[in-house]
Amino acid sequence: MSSTYHAIYAQWKDDPETFWDGAAQEIDWFSPYERAFQPDQGVYGRWFAGGKTNTCFNCLDRHVEGGRAEQAALIYDSPITDSKKTYSYGALLTEVKALAAVLQDLGVEKGDRVIIYMPMIAETPMAMLACARLGAVHSVVFGGFAGHELATRIDDAKPKLIVAASCGVEPNRVVAYKPMLDEAIELAEHKPEKCLVFQRPQCQAELRKDRDVDMGAAMQTARDAGRDVPCTPVDATDPLYILYTSGTTGQPKGVVRDNGGHMVALNWSMNAIYGVKPGEVFWAASDVGWVVGHSYIVYAPLLHGNTTIVFEGKPVGTPDAGTFWRVISEYGVVALFTAPTAFRAIKKEDPQGAMIEQYDLASLRTLFLAGERADPDTIEWARAKLAVPVIDHWWQTETGWTIAGNPVGLGALPVKLGSPTVAMPGYDIQVLDDAGHPVDRGTLGNIVVRLPMPPGNLPTLWNAEQRFRDAYLNEFPGYYKTADAGYMDEDGYLFIMARTDDIINVAGHRLSTGAMEEVIAYHPDVAECAVIGISDRLKGQIPAGFLVLNAGVERQDSEIEKEVVQLVRDQIGPVAAFKLALTVERLPKTRSGKILRGTMQKIADGESWKMPATIDDAVILDEISDVLQGRGLMDR
Ligand code: COA
Ligand code: AMP
């Protein structure tokens, strides 16, 4: 099939409002919007303002009413706990209504925030959808974050209630959530009124009588009573959720997602970008704590009438490197979406792909990769072993869906290894130099998107409009700054090369080195520190922290390094994967005192580097190099 991409992109560019108005016809509105785009509303305009709708209605009720009641909506598959369960659209709606009734009884109303601190179980999407049903705003916090990170989010979102599970299950341990939840509430200034706790058999939490409610029991009561909770009409521009993502400080950014534009864009993407038809099985092997999980485990597949899979396991070790293939063959998955790191993990365990041979993967049409740069090696391996097209696509928590990709449903374009392909309709991508001038094709620069952002993108940051402007809009007036650097070639293919801020990408997880530095600075023996991301074969990048100790500290360096590693694990969480702390005499700096993190990273990665003209004392770079050598880190 020859691609219609260029024609469709031109159609969008010619008249964006008509384009998105067309896509919006696929969504059920309780009352219509006046015009698709209102340029005078919000920070850069708002999509579908005035329209009334409900995201849960569009995900569940309309499909049940429209003949999908018996179709599988959600499959929970957990090799880690050895359990499986399939929910039809009808059954999922029953569960969501029961949970919405419980939330309502606990006082949750339209506009209230609800934090969800849950692992990859079916009850997590249920909680998200129950909030959406009531017009409440959920904020899911990834289970790999520790109490302190949860506390920061509690203070920012000020939830009326928290929904939590008693535990998560990792391959090597059961992670009790309740003690972290209690600690977070203790630490936070804002105190939620209630906690709804889902008890898992792997670890029962102790409930506090004055605050905690047993979610399973409360849902059972609501179910038995046949409670019917209608969908609360919300404005298209009302927030559906807040998802916190790493910023350049320890204070995470609360990315806001609205209801109307989000539904329109995600629903459109399922066919156009992923080439999936309603009724088919779509699997995003990610975590609901991340944006990929929000968009492509929960909302997009359900909006589009697909079957989605909530997979509680890892690509390897649960029980082996064949687990992805087992899931694909068992449920007839047509499209798999995951991070390249998952494939690197599989390839490491099963380099020949022998386990792939053991399963019938005939249903699989396409593999989609995102979350980090897809290295050509991984793409080629996956393509050869799976014998399906492997599609890289680039997006961010802020955008909620693809900025640049290869739209399979419109007819795939030729793949260029190392490139996520081209701008999707909705995005006018430009590459600018630091002064804001367009650079030539093939020249590296700041990747920006011309305003307005398309439907589904963040309209602002939660309670932080000035920060939204400062972080994204002010540096390049008229554009959204992606904070990714790269270039566009003559064919309009984009190449994403690096972040322009302190964000690193560890196993597809977005982390701030600045946030880690803030935590490390608390250690009483540390005078100053610098955390950089160094390359790692499996995870893409891992953090490495360089510590300068206070004068006169007499304890062993190794003892302090261990404490620093533990501090980051306790404060940010195991997901930071912070295991490398290195004591150095001094940090390399410019004459104005800026730490030369970029040069340190190049040295650590064995890349060529130039001596910065402004360096204060060049010898320090040799010292850094020696420490890395001494730890055997130069031959990774
Ligand atoms: N709850 C509690 N702890 C968690 C967690 C969770 N939800 N998720 C991860 N962790 C812990 C891990 O157990 C690990 O702890 P450890 O230091 O005790 O071993 C630590 O956080 C680091 O996790 P991770 O970086 O995921 O490493 P891993 O070695 O456990 O697994 C991969 C490596 C590549 C298999 C894994 O990262 C993976 O499957 N990635 C897929 C990518 C993905 O889902 N990306 C999301 C965006 S698409
Ligand atoms: P997150 O907000 O967690 O989705 O992380 C977004 C960041 O991950 C982007 O700004 C990029 O730096 C990186 N990223 C995501 N997808 C890709 C991709 N396909 N290629 C290169 N980098 C990517």
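The values are calculated or read from the model by the stated rules, or taken from the named source; none is laboratory data. Quantities reported herein were computed from a predicted structural model and do not represent experimental measurements. We place every Cβ from the backbone using ideal geometry, glycine too, and count neighbours over all the protein chains shown. Surface accessibility is based on the protein's heavy atoms, side chains included, excluding ligands, DNA and RNA. Shrake-Rupley method; radii C 1.70, N 1.55, O 1.52, S 1.80 Å.
For segment 489-590, GluC sites (Glu not before Pro) are listed when DSSP marks them as loop and at most 16 other Cβ atoms sit within 10 Å of their Cβ; the list is Glu490, Glu554, Glu585. Ligands, DNA and RNA are left out, and with a 1.4 angstrom probe the accessible area of the chain is 38 Å² per residue.
Would you mind checking the pairs Lys84/Lys347; Lys97/Lys314; Lys579/Lys602 and listing those with alpha carbons more than 21 angstrom apart? The pairs that break the limit, which is 21 Å between Cα atoms, are Lys84/Lys347; Lys97/Lys314.
Taken one residue at a time, the phi angles of segment 157-173 give Karplus couplings (6.51, -1.76, 1.60, θ = phi - 60°) of 7, 6, x, 6, 8, 10, 9, 9, 9, 5, 6, x, 10, 9, x, 9, 5 Hz. Gly and Pro are set to x. Ellipsoid semi-axes for segment 391-535, based on the Cα gyration tensor and the rule √(5λ), read 29, 18, 16 Å when sorted largest first. Here segment 504-556 and segment 275-332 have alpha carbon centers that stand 33 Å from each other. The phi torsions of segment 226-232, fed into the Karplus equation with coefficients 6.51, -1.76 and 1.60 and a -60° offset, translate into couplings of x, 4, 10, 10, x, 6, 6 Hz, rounded to whole numbers, with Gly and Pro shown as x. From the residues Trp395, Leu266, Val448, which one has its Cα farthest along the dipole of the chain in the positive direction, the dipole being from +1 and -1 charges on Cβ of Lys/Arg and Asp/Glu about the Cα centre? Ranked along the dipole, the leading option is Leu266. Both radii come from the Cα set of segment 496-542: Rg as radius of gyration, Rh as Kirkwood radius; their ratio Rg/Rh reads 1.03. Beta bridges from DSSP with both residues in the chain: antiparallel share about 60 percent, rounded to the nearest 5. Under 20 Å of direct C-alpha separation, and excluding same-chain neighbours fewer than eight residues apart, Lys110 reaches these aspartates and glutamates: Asp28, Asp61, Glu95, Asp155, Asp156, Glu193, Asp228, Asp235, Asp238, Asp258.
Built from the Cα atoms of segment 66-190, the convex hull projects on average onto 8.1 nm², one quarter of its surface area.
Can you check how the C-alpha radius of gyration of segment 506-630 compares to 2.2 N^0.38 Å, as a plain ratio?
Expressed relative to 2.2 N^0.38 Å, the Cα Rg reads 1.03.
Counting 0.36 nm for each residue step from Trp609 to Glu193 and taking away their Cα separation leaves a gain of 144.3 nm.
Looking at segment 179-285, I'd like the Rg to Rh ratio, where Rg is from alpha-carbon atoms and Rh is Kirkwood's inverse mean 1/r.
We get a ratio of 1.04 for segment 179-285.
Positive end of the dipole of the chain (Cβ unit charges, origin at the Cα centre): among Ile603, Pro239, Val506, the Cα lying farthest that way belongs to Pro239. Near Val163, the amide H atoms lying under 5 Å from its own belong to Ile115, Ile116, Tyr117, Leu196; only residues 5 or more places off or on other chains count, and H is placed 1.01 Å from N. Using θ = phi - 60° in the Karplus curve 6.51 cos²θ - 1.76 cosθ + 1.60, the 3J(HN,Hα) couplings for segment 400-412 round to x, 7, 4, 8, 10, x, 10, x, 4, x, 8, x, 5 Hz; x is entered for Gly and Pro.
Ordered by packing density, taken as the mean number of other Cβ atoms within 10 Å over each peptide's residues, highest first, how do 351-362, 502-513 rank?
Ranking the peptides 351-362, 502-513 by packing returns 502-513, 351-362.
Considering only C-alpha atoms, what is the centroid distance from segment 387-408 to segment 19-37, in Å? Cα centroid to Cα centroid, the span is 24 Å. Close amide-amide hydrogen proximity is noted between Asp287 and Gly293, each under 5 Å apart and 5 or more residues distant or on a separate chain (H modeled in the peptide plane; Pro and chain starts excluded). Put a dot 7 Å past the Cα of Glu357, heading toward its Cβ, do the same for Gln11, and the two dots end up 4.6 nm apart.
A simple spin-label model places the labels of Glu65 and Asp210 4.5 nm from each other, with each point 7 Å out along Cα-to-Cβ. Simple point charges give the picture: +1 on the Cβ of Lys and Arg, -1 on the Cβ of Asp and Glu, and for segment 506-630 a dipole about the Cα centre of about 580 debye. For segment 506-630, the relative contact order is 23 percent, taking Cα pairs closer than 8 Å that sit 6 or more residues apart in sequence and dividing their mean separation by the residue count. Taking every DSSP bridge with both residues inside segment 150-304, close to 60 percent are antiparallel. Taken over the C-alpha atoms, the chain has Rg and Dmax values of 24.1, 74 angstrom. Extension gain, Gln220 to Lys579, is 124.9 nm, computed as 0.36 nm per intervening residue step minus the present C-alpha separation. Legend note: in the chain, cysteines whose Cβ sits 4.7 Å or more from every other cysteine Cβ are Cys56, Cys59, Cys131, Cys195, Cys231, Cys529.
Most simply put, segment 506-630 has about 80% antiparallel DSSP beta bridges, counting only bridges with both residues inside it. Annotation: amide H-H contacts under 5 Å for Lys589 (H modelled 1.01 Å from N, sequence separation of 5 or more, or interchain): Leu596, Asp616, Asp617. Its relative contact order, with pairs defined as Cα atoms under 8 Å and 6+ residues apart, puts the chain at 12 percent. Basic side chains Lys and Arg get +1 at the Cβ, acidic Asp and Glu get -1 at the Cβ, and with that the dipole of the chain about its Cα centre reaches some 760 debye. Counted residue by residue at 0.36 nm each, then reduced by the alpha carbon distance between them, the extension gain from His437 to Val553 reaches 36.8 nm.
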